[in-house]
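Reviewing the structure listed below.
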Amino acid sequence: MAKKAPEKISILVADDDVDILALVVGHLKGRASEIHQASDGEEALRLAREKKPDLVVLDVMMPGMSGWEVCRSIRDDATLGHTRVIMLTGIGERLNEMTSPLYGADAYIDKPFEFAELESRIRQTLEQRRKGTLGRPDEGESDDSAIEEAPPSLRSDDEDDDEAEEDEDED
């Protein structure tokens, strides 16, 4: 059976280390229909807003705006709701593990890394997005379980009324 070719996606890679930027971009060229490069945070955010990539691979420590700030800005921009973010950094696995989710990153990879690990994280992140388990589901898909499990503070008044009626029926 033939192996399925990777999905072609639009990718933005941002890193102030030109060698790492060139290596990552070179590796991802075969996977991307479009690939964009940035060497600092401000350029990364500008390109993200302009190009609306499917995936952003961000270094954390960049001059000016950090990768964390770029990630938070991407999450705050409704037009980038489909964009997945993978943080790429050498700050240490434990700190990365704790900090990445706080800024809205979908995944992280610690430097130094293997390209197989980067590919694995890209596949996992895009698959989770397709399933609707990260960010918003792709158009045409719905994730009704998220609505059903919403905490009372996020439910509509109708849902609260239905729940109250169910509670009365149980008594």
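Remark: spin-label model distance LYS111-LEU23 equals 0.9 nm, labels positioned 7 Å along the Cα→Cβ axis.
What does the charge count near LEU88 come to, summing +1 for each Lys or Arg and -1 for each Asp or Glu among other residues with Cβ under 11 Å from its Cβ?
Values: positive: LYS111, ARG121; negative: ASP15, ASP17, ASP59, ASP110, GLU117.
Neighbourhood net charge equals -3.
Gain on full extension, evaluated as 0.36 nm per residue between LYS131 and THR79 minus their Cα-Cα distance, stands at 16.8 nm. Taking amide H atoms as placed 1.01 Å from N in the peptide plane, the amide H of ILE109 lies under 5 Å from those of MET87, LEU88, THR89, each 5 or more residues away in sequence or on another chain.
Each reported figure results from applying straightforward, stated rules to the coordinates on display, with no laboratory input. None of these values were measured; they are calculated from a predicted model. Backbone-built Cβ (ideal geometry, glycine too); neighbour counts: all protein chains shown.
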